[in-house]
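We did not get these values from a lab; they are worked out from the coordinates using the rules stated. This one's a predicted model, so the numbers in the text were calculated from it and none came from an experiment. Cβ placement follows ideal geometry from the backbone for every residue including glycine, while neighbour counts extend to all protein chains displayed.
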Amino acid sequence: MDAAFGDALIRLLPNLRRYALSLCRRPDLADDLVQITVERAITHHAARDPAQRLEAWLFRILRNAFIDTTRRQRTEGTGVDVTDHPEILSTDDAPLIEARLMLAATRSAMTRLSPEQEEILTLVCIEGLSYAEAAQVLDVPKGTVMSRLSRARLALAALLGIN
């Protein structure tokens, strides 16, 4: 593994964790998924197509790890996340409180979307992947990404009461 690959991998860790959290909604599992992704990326970095963006390649590995983990959990039974507690807002300025409330409402609304809609919003709107890169991560045509994104944006706006 060369130093440039390692540096790029380290720079993308926050993005990987955000995407993992959007998929599983559990910080402990998200950390595990990121670790699995990094391990697989290091193991198979020589097989990566250099023409493909590293970020898209890593997101694809993470998504596949999530799918593998989900399948494995179906046979393990139901787990309980003991660290999932709501946080109390501190006394902040009004704009900061409003921004936090809007972010919380958006997060909540995104969880009510279909998994496909939530995933496409996360990849394109939060992680900044192009339509082509998102299509590659999801293994669907670019047109499917565009239509899913359009429907997801409309559904999210409706859930938030935005016209």
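A few notes on this one:
- Computed from Cα positions, the angle between helix 94-111 and the longest principal axis of the chain comes to roughly 60 degrees.
- Nearest-20 debye value, the chain charge dipole, Cβ charges on Lys, Arg, Asp, Glu: 580
- Compared with the dominant principal axis of the Cα atoms in the chain, helix 54-76 is inclined by about 80°.
- Using alpha-carbon coordinates, inclination of helix 13-24 to the longest axis of the chain, degrees: 60
- Mean-position separation - Cα centroids, region 1-68 and region 134-163, in angstrom: 23
- Fraction of the pair-distance distribution of the chain above 21 Å, Cα-Cα pairs, percent: 54
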